[in-house]
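Q: Next up is a structure, given as structure tokens.
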Amino acid sequence: LDTNLPPPLPLSPLATMVLDKPTRSLPPGSSFERTVGFLAASVFSVAYVAAPIHVFCALGCTVRYPTWWGAWMMNIPILVSLMVPCRVVERLANPIFTSWPMQQIPKYFHYEEYHETTDSEFRSSSKNFIVGAHPHGVFSFCGVCAAVMTHGARDGFGAALAEEAPTAAASVVKIFPILKDVLAVFGLIDASSSTLSKRLSKPRGTFVLYIGGMIELFYSSPKEEVVFLKERKGFIKLALRSGADVVPVYMFGNTTVLSVLAWGPLASLSRSLGMSVTFFWGRFGLPMPNPVHMTYVRGRPLGMPHIENPSAEDVEKWHAVYCQKLTELFDNYKGRNPDYKHKKLIIK
């Protein structure tokens, strides 16, 4: 580790420290750079639609026309995807994220970051952290921008991001052909309690967790931001048991970058499958991101104690602290994003 990194994080860093200037931002890009950024960002949302369509069409054609060579050709990308381990793609994450087209993505979104807790502090701390990310949205383009920036920054995670701060995701995302390969650059790990608990028991066990899940995308509106958090308390218990700390993150722009068909049955189906199942659209009416402002804000750790057998009261206490700190984070920084300055955060 770099010996010039800051000392380990204190255990009780609850003091509010609202930042006046972004920790990271980029100068406005040219029209060409923003166009390239738009096309590079679109790969993720288009893959979210194209991968399931391709898989189901290939399987359907194979069943209906088992002797047709075209049906078997359609299965080749699926078979290759199933044979290629996610680790292979993870190792390519740094050259992918530092490539010139990917570096234009933040410019397309007029992206800014505010770090009350810096990447250097994370990496120099002896503690593990659960980074609570909100909201989920159809797809976290703000998370993509954050990955691009930390890979390219001198004081960022760089090539170690997938190993030191992977993103927890539903099991289906990790195994779904083609889609798993596109998303593997983020270093996905299974979001099951057993997997996360095992990771927190080891050094450098930090991970990013979208606590509210995809159900949140069905409830936000132009006037309100909704996060599902009232009944999501497992991450607090996990942190208390393992001695980890929790850091809240709010991603302004995740709910405005794409529009979604918010129909009740689709929300239930999405929850059952563990992935978003709905119609969504953006620029040109296609599954491509709108050029909205993106603002990533990371708060301070809560300063949680290590309690091997936390009581219900312990969990309730620290869950309430987390909800309070997340609300403060939203209110303190919503004015930095023009699409959110009049919005109110609702915790359901």
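The values are calculated or read from the model by the stated rules, or taken from the named source; none is laboratory data. As the structure is a prediction and not an experimental result, all values here were calculated from the model. All Cβ positions, even for glycine, are placed from backbone atoms using ideal geometry, and neighbour counts span all protein chains on display. For accessibility, only protein heavy atoms count, side chains too; no ligands or nucleic acids. Shrake-Rupley method; radii C 1.70, N 1.55, O 1.52, S 1.80 Å.
Q: When residue 175 is evaluated against the numbered criteria (1) touching a residue at least 24 places away in the same chain (Cβ under 8 Å); (2) among the aliphatic types (A, V, I, L, M); (3) at negative phi, which criterion, by number, is the only one it fails?
A: Evaluating residue 175 over (1) touching a residue at least 24 places away in the same chain (Cβ under 8 Å); (2) among the aliphatic types (A, V, I, L, M); (3) at negative phi leaves (1) as the failure.
Q: Now a separate question. Within segment 68-76, does at least one residue satisfy the condition of being small (Gly, Ala, Ser) and modelled with pLDDT under 90?
A: The answer is yes, given that some residue of segment 68-76 is small (Gly, Ala, Ser) and modelled with pLDDT under 90.
Q: Of all residues in segment 173-194, how many are β-branched (Val, Ile, Thr) and open to solvent by 50 Å² or more (accessible area, probe 1.4 Å)?
A: Of the residues in that region, 1 qualify.
Q: Also: Would you confirm whether or not segment 318-337 contains a residue that is at pLDDT below 95, open to solvent by 40 Å² or more (accessible area, probe 1.4 Å) and at positive phi?
A: no
Q: Which residues, taken from segment 81-132, are β-branched (Val, Ile, Thr) and closer than 15 Å to residue 157 by Cβ?
A: Scanning segment 81-132 gives 96, 98, 117, 118, 131.
Q: Continuing with the same structure: So which residues in segment 338-348 are of a type in the set (D, E, K, R), open to solvent by 40 Å² or more (accessible area, probe 1.4 Å) and touching a residue at least 60 places away in the same chain (Cβ under 8 Å), if there are any at all?
A: 339, 344, 348
Q: Here's something else I'd like to know. Answer yes or no as to whether residue 125 is of a type outside the set (Asp, Glu), touching a residue at least 24 places away in the same chain (Cβ under 8 Å), farther than 23 Å from residue 252 by Cα and open to solvent by 10 Å² or more (accessible area, probe 1.4 Å).
A: In short, yes.
Q: Modelled with pLDDT of 90 or more and of a type in the set (Val, Ile, Thr): does that describe residue 63?
A: Yes, satisfied.
Q: Within segment 232-249, can you find the residues that are open to solvent by less than 40 Å² (accessible area, probe 1.4 Å) and not in a helix (DSSP H, G or I)?
A: Across segment 232-249, the qualifying residues are 243, 244, 245, 246, 247, 248, 249.
Q: Mind checking which residues of segment 154-172 are free of Cβ contacts under 8 Å to residues at least 40 places away in the same chain and either of a type in the set (Phe, Trp, Tyr) or surrounded by fewer than 19 Cβ atoms within 10 Å (Cβ to Cβ) (or both)?
A: Selection gives 154, 155, 157, 160.
Q: Still on this structure: Condition first: in a loop (DSSP other than H, G, I, E, B), in contact (Cβ under 8 Å) with a residue 24 or more places away in the chain and open to solvent by 10 Å² or more (accessible area, probe 1.4 Å). Now tell me which residues in segment 74-122 satisfy that.
A: 84, 92, 98, 110, 116, 118 - these are the residues of segment 74-122 that are in a loop (DSSP other than H, G, I, E, B), in contact (Cβ under 8 Å) with a residue 24 or more places away in the chain and open to solvent by 10 Å² or more (accessible area, probe 1.4 Å).
Q: Could you check how many residues of segment 128-149 are open to solvent by 10 Å² or more (accessible area, probe 1.4 Å) and assigned to a helix (DSSP H, G or I)?
A: Qualifying residue count for the region: 3.
Q: Right, here's the next one. Is it the case that residue 71 is open to solvent by less than 50 Å² (accessible area, probe 1.4 Å) and either outside any helix (DSSP H, G or I) or touching a residue at least 60 places away in the same chain (Cβ under 8 Å) (or both)?
A: Against the criterion (open to solvent by less than 50 Å² (accessible area, probe 1.4 Å) and either outside any helix (DSSP H, G or I) or touching a residue at least 60 places away in the same chain (Cβ under 8 Å) (or both)), residue 71 does not qualify.
Q: Tally time: how many residues in segment 299-320 are in contact (Cβ under 8 Å) with a residue 60 or more places away in the chain and not in a loop (DSSP other than H, G, I, E, B)?
A: Of the residues in segment 299-320, 5 are in contact (Cβ under 8 Å) with a residue 60 or more places away in the chain and not in a loop (DSSP other than H, G, I, E, B).
Q: Would you check which residues across segment 197-217 are crowded, with 22+ Cβ neighbours inside 10 Å, touching a strand residue (DSSP E or B) at 6+ places or on another chain (Cβ under 8 Å) and in a helix (DSSP H, G or I) and list them?
A: 216, 217
Q: Here's something else I'd like to know. Would you be able to tell me the number of residues in segment 154-170 that are assigned to a loop (DSSP other than H, G, I, E, B), modelled with pLDDT of 90 or more and of a type in the set (A, V, I, L, M)?
A: Looking only at that region, the number is 1.
Q: Please state which one of 59, 39 is closer than 25 Å to residue 287 by Cα, surrounded by fewer than 16 Cβ atoms within 10 Å (Cβ to Cβ) and either in contact (Cβ under 8 Å) with a residue 60 or more places away in the chain or under 19 Å from the mean Cα position of the chain (by Cα) (or both).
A: Answer to the check: 39.
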